[in-house]
Amino acid sequence: MRVVSLVPSLTEAVAATAPGLLTGVTDWCTHPAGLTAARIGGTKNPDVAAITALAPDLVIANEEENRAPDLAALRQAGIDVLVTEIRTLDQAFTELDRVLTTGCGLPRPRWLDEAVAAWAALPAPSGSPRPAIVPIWRRPWMVLGSDTFAGDLLARLGVRNVYAHHAERYPRIPLAELNGSGAELVVLPDEPYRFTTDDGPEAFPGLPAALVDGRLLTWYGPSLLQAARELPSALR
């Protein structure tokens, strides 16, 4: 079987389960290291002609990360496209199983069961959730809003996204408003914007900053096992 992945998280999931299936991946597919599949452009601007030339049996995509016109063009070329929707951890587990077992025809991998067990074993948060803001970009400042996978992970770890009920999923919020939001924590991932100790925390004086591995917060796949082990302590 020949598979093209348009989503870095799904690329890692397939590669960890049956690496020989991948014939094409995006330029943003960085895990695991040493991928030898053809590069077919970005998640938002894949080279449809190059993908078609690879003659894949399946293209795996995501409704948020990929654009509907690109997926439609692939279908018009006669290619089977499997589109995932992942807004929660439970959805991630369900969709990963669907991609790997139904889409790719593989046995359910052990790492997926281990990730499910690791998250189930985490103790329920005690006390009131800690209100936090979660910037994902600056210039302009953008934060996690409503209905996001990362927001669901944070909620399971006792962190309440202040903007979880915003009308937008990734709203632009002025810095002054962020600092006046009542947050008790700012969570700064290193992707898509690379926040560091020298770039990010200084914008929120007096507010504790948790710099976290963005892959652990936003990727769904084998990294979920590591996320269950490392995110709780990173958010303290």
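Just so you know, all these numbers are worked out from the coordinates, no wet-lab data involved. Note that this is a predicted model, so its numbers are computed, not measured. Heads up, the Cβs are rebuilt from the backbone with ideal geometry, glycines too, and the neighbour counts pull from every protein chain shown.
Overview of values
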{"read-out": "Pairwise FRET efficiency - Asn45 versus Ser126, Cβ, R0 = 45 Å, nearest 0.05", "value": "0.50"}
{"read-out": "Net length gained if the chain between Ala117 and Glu230 were fully extended (0.36 nm per residue, minus Cα distance)", "value": "39.2 nm"}
{"read-out": "Pair Trp137, Thr36: separation of 7 Å Cα→Cβ label points (nm)", "value": "3.7 nm"}
{"read-out": "The range 42-55 - phi-based ³J(HN,Hα) in whole Hz, Karplus 6.51/-1.76/1.60, Gly and Pro as x", "value": "x, 5, 8, 9, x, 7, 4, 5, 5, 5, 4, 5, 6, 6"}
{"read-out": "Gain in span if fully extended, Arg110 to Ala68, counting 0.36 nm per residue against the direct Cα distance", "value": "11.9 nm"}
{"read-out": "Environment charge at Gln226 (Cβ cut-off 14 Å; Lys +1, Arg +1, Asp -1, Glu -1)", "value": "-2"}
{"read-out": "Tail weight of P(r) past 19 Å, computed on alpha-carbon pairs of the range 85-218, percent", "value": "54 percent"}
{"read-out": "Amide H contacts under 5 Å for Val81, placed H, 5+ residues apart", "value": "Val59"}
{"read-out": "In Å, descending, principal axis extents of the Cα set of the range 42-139", "value": "54, 44, 15"}
{"read-out": "Beta bridge orientation in the range 99-236: antiparallel %, DSSP, nearest 5", "value": "30 percent"}
{"read-out": "Sum of side-chain charges, Asp190 neighbourhood, beta-carbon under 9 Å (Lys, Arg +1; Asp, Glu -1)", "value": "0"}
{"read-out": "Per-pair calculated FRET efficiency, R0 = 45 Å: Ala55 and Asp199 via Cβ, rounded to 0.05", "value": "0.55"}
{"read-out": "The range 145-193 and the range 6-69: distance between their alpha carbon centers, rounded to Å", "value": "29 Å"}
{"read-out": "DSSP beta bridge pairing in the chain, given as percent antiparallel to the nearest 5", "value": "20 percent"}
{"read-out": "Stokes-Einstein D in µm²/s, Kirkwood radius over Cα pairs - the chain at 10 °C with 1.306 mPa s viscosity", "value": "85 µm²/s"}
